Amino acid sequence: PAPQALPTKLHSSFLVLFSYNTMAYAACATSSVLHSTAFVLKNPSFQFKQQIPSFHKFLNPDFQMLVKQNSNNDDVIFKPEKLGHNTDQTSPSNAELGFLQLVQSHFVAQALHAIVRLHIPDVLAVSADGALSIDDIITIASTKSPQTSINKQGLFRCLRLLCTTGIIEEIVITEDGSKKSAFLLTEMGQLLQTGFGGSASPSDGVPSVVLHWMEQPLWDAWSHLPDYLAGSPKAKDYNLSPPFDRANGMSASEFYRTHDYSRIHRNSVAKYASSKEINSILEAILGKRDKIAQGDDLLLFSALNATFLDGKTVVDVGGGYGDFMMALKESVPSVKHCYCLDLPDVIADAVSKQSDNPDSITVRQTEVTFVAGDMFDPSTIPTPCNIIFTKHVLCDFSDGDVVRALQSFHEVLKYSDPKGGKVVIIDAVLPNGDELNGKWNSAVSFDVLLMLTGRRGERSCLEWSNLAKKAGFSFDGVIPTASVTVDLAIFSIEQDSH
């Protein structure tokens with residue numbers, strides 16, 4: 001029929017397609033369908049192209065129909081565009097859809113936890129065909145873990161949920177003459193392999209992230225967050241207790257010390273993060289990441305690079321077993337002296353570790369000197385000193401204690417290098433303002449996790465700037481790294497402070 005013959009009212013549940021030879025007409029009666037649908041007419045007739053304008057009057061008057069032809073002049077594309085406010089309450093807005101995705105995110109997290117606990121990524125990884133039906137998945141998983149009795153419908157529904165996230169993909173296969181769903185791992189899903197059952201193991205750390213963060217002791221702590229924020233009529237000490245303590249009746253440090261399974265995965269997560277941090281820090285210092293030395297970051301980069309480090313004495317406060325200082329000395333041999341400072345018991349362990357494994361230490365790394373000291377006591381920090389590094393230390397202290405530590409550093413640098421002395425805080429630096437609003441940021445999420453377990457947490461650029469000023473430093477800025485857990489916040493001695 002000609003466009004004029006189309007019915008003016010169509011049932012709201014249907015998209016009606018009229019075809020006649022090479023002519024095709026599409027119309028819909030509700031704004032919900034029209035708002036989300038674009039129509040492509042393949043190779044329509046010339047007569048239809050001429051009649052397109054008269055077709056518009058059958059559409060919802062709140063919309064205009066944008067019509068364009070492909071460059072090959074064979075196809076006509078109809079794209080609806082909303083005019084004015086959407087009064088159709090049956091159609092969820094983008095804001096509503098985004099909100100639903102947000103509040104349902106824990107559905108995905110726990111489904112992911114369940115399949116990792118069952119080693120389903122490992123089962124999918126060892127499939128020679130690349131995709132497995134739910135029956136095949138259960139057969140293989142049960143063979144490798146005979147003690148399990150997997151709920152078929154439950155697993156199928158969880159796998160289907162994870163298909164919406166990019167972890168797993170569903171494809172349709174033909175088996176015994178009938179079509180059925182089959183599942184395979186995506187590139188992201190392959191990160192969840194643990195080596196169980198002969199699969200590859202790209203990283204034990206990634207599945208441990210799932211097993212640690214979604215494990216019941218930590219998961220239950222989230223349910224105590226509202227009371228933690230609001231306070232309670234209970235004793236003052238209880239009000240100060242972090243959510244983890246409330247959920248488990250003990251502190252996180254005590255819990256992980258006494259629960260082997262939980263401690264293994266927590267330590268694996270820490271090791272996974274740490275293994276990527278040092279290389280990322282060195283890449284930033286050595287300028288191997290292109291974006292470090294561009295635009296506004298160029299001046300900042302010139303304040304901390306291999307040339308600047310040449311002939312300098314550096315101290316890593318809270319340096320543990322000296323991993324960072326040894327890596328720095330290996331990468332920048334021109335550094336004059338490298339010191340690793342920590343509490344006496346930590347230094348004793350570090351020296352003992354070196355003595356027990358002499359073959360694992362290179363000649364350059366033997367040039368790192370271990371020093372027992374206290375960051376609040378400037379007399380214990382080696383001098384002369386040009387640069388003080390501190391990684392994942394100050395984040396565990398209050399603002400008052402951070403200022404005390406920075407004042408201690410300031411006293412050392414003021415004596416050693418009053419014009420060029422620097423402090424480099426190696427922690428995740430949180431964004432402010434426009435850099436924060438509406439953008440997912442792993443460090444911001446991790447900061448709340450630290451709060452959940454009773455640790456102090458990360459700080460933003462604004463917070464670091466204020467603390468630096470109180471201690472007599474100027475805040476130069478932040479050099480980002482490739483690791484989501486560390487950035488380089490650089491402080492310099494204010495020239496009028498000495």
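Quick one: accessible area per residue over segment 420-489, 1.4 Å probe, rounded to a whole number of Å²?
That works out to 44 Å² per residue.
Calculated FRET efficiency, residue 474 and residue 254, Cβ-Cβ r, R0 30 Å, to nearest 0.05?
With a Förster radius of 30 Å, E is 0.15.
Let me cross-check residue 213: its accessible surface, 1.4 Å probe, with only protein heavy atoms counted, in Å² to the nearest 10?
Solvent-accessible area, nearest 10 Å²: 90 Å².
Between the alpha-carbon centers of segment 203-227 and segment 99-129, tell me the distance in whole angstrom.
Between the Cα centres of segment 203-227 and segment 99-129 lies a distance of 15 Å.
In terms of modelled amide H atoms, which long-range or inter-chain residues lie less than 5 Å from the amide H of residue 370?
340
In terms of the Cα gyration tensor, with a ≥ b ≥ c the square roots of its eigenvalues, is segment 300-456 rounded because a/c is under 1.5, prolate because a/b exceeds b/c, or oblate?
prolate
Per residue, how much accessible area does segment 113-198 have with a 1.4 Å probe, in Å²?
Each residue of segment 113-198 exposes 53 Å² on average to a 1.4 Å probe.
So what are the three principal axis dimensions of segment 386-471 from its Cα atoms, in whole Å, longest to shortest?
Cα spread of segment 386-471 along its principal axes, largest to smallest: 43, 28, 19 Å.
Tell me the GluC sites (Glu not before Pro) within segment 400-498 that lie in a loop according to DSSP and have at most 16 other beta-carbon atoms within 10 Å.
Those that pass, being in a loop and sparsely packed, are 494.
List, in order, the whole-Hz ³J(HN,Hα) value for each residue of segment 411-424 obtained from phi through the Karplus relation with A = 6.51, B = -1.76, C = 1.60 and θ = phi - 60°; use x for Gly and Pro.
Using θ = phi - 60°, the values come out as 4, 5, 5, 4, 6, 8, 8, x, 9, x, x, 9, 10, 10 Hz.
Which length gain, in nm to one decimal place, applies between residue 170 and residue 103 when the Cα-Cα distance is subtracted from 0.36 nm times their residue separation?
Net length gain for the segment: 21.7 nm.
Give me the percent of the accessible area of segment 381-498 that comes from carbon and sulfur atoms, probe 1.4 Å, all protein chains in place.
50 percent
5 Å is the cut-off here: which amide hydrogens, built 1.01 Å from N in the peptide plane, fall below it relative to residue 428, excluding neighbours closer than 5 in sequence?
Residues meeting the criterion, in which the H sits 1.01 Å from N, are 487.
Given charges of +1 on the Cβ of Lys and Arg and -1 on the Cβ of Asp and Glu, with all other atoms neutral, how large is the dipole of segment 352-498 about its Cα centre, in debye to the nearest 20?
Rounded to the nearest 20 debye, it is 40 debye.
Return the sequence-ordered ³J(HN,Hα) values of segment 426-438 in whole Hz as given by the Karplus equation 6.51 cos²θ - 1.76 cosθ + 1.60 applied to θ = phi - 60°, using x for Gly and Pro.
Working through the residues one at a time gives 9, 8, 5, 9, 7, x, 10, x, 4, 6, 9, 5, x Hz.
Of 180/271; 336/439; 312/469; 271/422; 180/439, which pairs sit farther than 30 Å apart, going by alpha carbon to alpha carbon?
Distance filter (> 30 Å) returns 180/271; 336/439; 180/439.
The values are calculated or read from the model by the stated rules, or taken from the named source; none is laboratory data. Owing to the predicted nature of the structure, the values given are computational and were not obtained by experimental measurement. Every residue, glycine among them, receives a Cβ derived from its backbone with ideal geometry; neighbour counts consider all protein chains shown. Only protein heavy atoms, including side chains, enter the accessible area calculation; ligands, DNA and RNA are left aside. Shrake-Rupley method; radii C 1.70, N 1.55, O 1.52, S 1.80 Å.
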